[in-house]
Amino acid sequence: MPGIDECLIEVMRLPGARGAAVVDWTSGLALGTIGESPNGDHEATAAETAEVARMAAEQPVFAQADAPGGSPGQASPAVEDVIVTTAPGYHILRFVETAFDSSVFLHLWLDRGEGNLALARIRLGEMAERLVLA
């Protein structure tokens, strides 16, 4: 099972990957980063993407009571991922379920012309399942 650094290296092997991070969405802190940052500052990007993740994860409309881990009051968000599309690329925020509090997500910045959104989403999900946070 890969740790943060190994996971980020694997993420950057995806076609079109420009940058990636593991972020705590409650604090907005980057637990690990690799590659480029959309605004040139990994810490600022982590804080900004954490706001998006937090907004999606905490909205009742996305908390389906019949979804695993999705009942109100549980720590793991019912949302699996969030995709934001911009002119030059995609931002995929994939939530990572952990034993302790599930407040972590993987952020992948993918080039729109070179990347494959469907493949990246599938692979990011696989990586999130294997990620070990120590």
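Calculate the spin-label point distance for Glu80 paired with Ala118, positioning each point 7 Å from the Cα along the beta-carbon direction, and give it in nanometres.
1.4
Could you give each residue of region 114-122 its phi-based ³J(HN,Hα) in whole Hz, using Karplus coefficients 6.51, -1.76, 1.60 with θ = phi - 60°, and x for Gly or Pro?
Working through the residues one at a time gives 9, x, 10, 4, 5, 4, 4, 5, 5 Hz.
Rounded, prolate or oblate, given the Cα gyration tensor of region 1-63, with a/c below 1.5 counting as rounded?
Taking the square roots of the gyration eigenvalues as a ≥ b ≥ c, region 1-63 is prolate.
Give me, ordered by chain and number, the residues 5 or more places off Val104 or on other chains with an amide H under 5 Å from its own placed amide H.
Long-range HN contacts for Val104: Trp25, Val96.
Only the coordinates and a few stated rules stand behind these numbers; no lab work does. As the structure is a computational prediction, the values presented were derived from the model and not from experiment. Note that each Cβ is placed from the backbone with ideal geometry, even for glycine, and that neighbours are counted across all protein chains shown.
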